[in-house]
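One structure is given below, encoded as structure tokens.
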Amino acid sequence: MTDVVIENVVASTSLGQKFDLGLITVNLDRVEYEPEQFPGLVYHLDEPKAAALIFGSGKIVCTGAKSIEEAHLAIKKIIEKIREAGIEINSEPEVVIQNVVATANLNAELNLDAIAIALDNTEYEPEQFPGLVYRMQDPKVVLLLFGSGKIVCTGAKSVEDAKRATENVKATLKELGLL
């Protein structure tokens, strides 16, 4: 089993109501809000270490968490902080995992030219990007394969999908004699 390291979890929720971002900005520390440049505010959390984009529509996007549990905790803390700023939030919003980014190492050099020929759904243009882009169908993720044997998996909806994608590509490369 290849070790898969979760690098980032992106989660979102909707509070189902609009609110005044100016009010939140005044009442919270570690907030960046420049409405002429970006329609939301950026709120930085220390524990768990994450950042949230908060929009006046009530939508929140949290990024930087290192696990799904951390993403849920970060959104819960953000909602508490919004409540502390004097904004009433009536519902307990549903948190949706949008993207799990993970890395792994196959501990072997990869011949990306041979892999590009052997696998469908790949893009490899070494003059533009040193990695091979592999669009896996099941699970539906994008893998970046590098000559060093390192892999970046993006687009997964769960940690299990990221792990399964890594194991699938490893098994496929072994079957093809490319690992």
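A few remarks follow.
- Residue ID - nearest to Glu70 (Cα to Cα), chosen from residues in segment 123-179 that are free of Cβ contacts under 8 Å to residues at least 24 places away in the same chain, within 15 Å of the chain's Cα centre (by Cα) and surrounded by 15 or more Cβ atoms within 10 Å (Cβ to Cβ): Val142
- Glu84 being over 19 Å from Glu7 (Cα atoms), touching a residue at least 12 places away in the same chain (Cβ under 8 Å), touching a strand residue (DSSP E or B) at 6+ places or on another chain (Cβ under 8 Å) and surrounded by fewer than 17 Cβ atoms within 10 Å (Cβ to Cβ): no
A quick yes/no check of all residues on (1) under 19 Å from the mean Cα position of the chain (by Cα); (2) among the charged types (D, E, K, R); (3) over 27 Å from Cys153 (Cβ atoms):
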{"position": "Leu23", "(1), (2), (3)": "no, no, yes"}
{"position": "Leu45", "(1), (2), (3)": "yes, no, no"}
{"position": "Leu73", "(1), (2), (3)": "yes, no, no"}
{"position": "Glu94", "(1), (2), (3)": "yes, yes, no"}
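- Restricting Glu47, Glu92 to residues that are loosely packed, with under 15 Cβ neighbours inside 10 Å and farther than 18 Å from Gly16 by Cα narrows the list to Glu47.
- Complete set of residues in segment 8-22 that are surrounded by 12 or more Cβ atoms within 10 Å (Cβ to Cβ) and either in a loop (DSSP other than H, G, I, E, B) or touching a Gly at 6+ places or on another chain (Cβ under 7 Å) (or both): Asn8, Ser14, Leu15, Gly16, Gln17, Phe19, Asp20, Leu21
Bear in mind these aren't lab numbers, they're just calculated from the coordinates by the rules spelled out. Here the structure is a predicted model, which is why all the values come from computation and not from measurement. No Cβ is skipped: glycine too gets one built from the backbone with ideal geometry, and neighbour counts run over all protein chains shown.
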